[in-house]
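The values are calculated or read from the model by the stated rules, or taken from the named source; none is laboratory data. This structure is a prediction, so every number in the text was calculated from the model and none was measured. Glycine gets a Cβ as well: all are built from the backbone with ideal geometry, and neighbour counts include every protein chain shown.
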Amino acid sequence: MRIIIRKDNQGFTLIELMVVVIILGILALYVGPKIMGEPDKAKRVKAQMDIATFETALKMYKLDSGTYPTTEQGLQALVEKPDTGTIPRKWRDGGYLEKRKVPKDPWGNEFVYISPGVNGDFDLSSYGKDGVPDGEGEDNRDINNWELE
């Protein structure tokens, strides 16, 4: 058997191109969902970091005023001196949050703050993607300060 190689043979055949397209399609089916699922994981991590930041700010607030803000005063007490409930004796000029505003959770919902809390001095939560308490599924699960390490 003799193989002849022609020098004018350039490019790929239709079958070769179809094999490559099919392989890329199969890879996309497996890799695509994994990549698409990561933004929700990143939002959960961001919510956990925000809660940790609030905890630090709330502890600084308590050092200055002797108590945590009440539920009524809420997290807004970290950026504006409260004018209801127990007025803090000392309140740091500029507030306790770097950007001087209370951020929302990564899904655009308000963080839930309760003081005194059921699980500690205060309870701080994000209700996840669905924005309702006790959501089902990984993305809708609540993120609570007492469950973070």
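Quick notes
- Exclusive hit being aliphatic (A, V, I, L, M), in contact (Cβ under 8 Å) with a residue 40 or more places away in the chain and not in a helix (DSSP H, G or I), set LEU58, LEU97: LEU97
- Criterion (at pLDDT below 70 and either under 19 Å from LEU97 (Cβ atoms) or more than 44 Å from the chain's Cα centre (by Cα) (or both)) met by exactly one of GLN48, GLN10: GLN10
- The residues in the range 111-137 that are crowded, with 17+ Cβ neighbours inside 10 Å and in contact with a Ser or Thr (Cβ under 7 Å, 6 or more places away or on another chain) can be counted, and the count is 5.
Conditions (1) surrounded by 13 or more Cβ atoms within 10 Å (Cβ to Cβ); (2) out of contact with any strand residue (DSSP E or B) (no Cβ under 8 Å at 6 or more places or on another chain); (3) assigned to a loop (DSSP other than H, G, I, E, B), marked per residue:
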site	(1), (2), (3)
ALA77	yes, yes, no
LYS101	no, yes, yes
ASN109	yes, no, yes
ASP139	yes, yes, yes
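- Yes/no for THR84 being exposed (fewer than 13 other Cβ atoms within 10 Å of the Cβ), in a helix (DSSP H, G or I), of a type in the set (Ser, Thr, Tyr) and at pLDDT 80 or above: no
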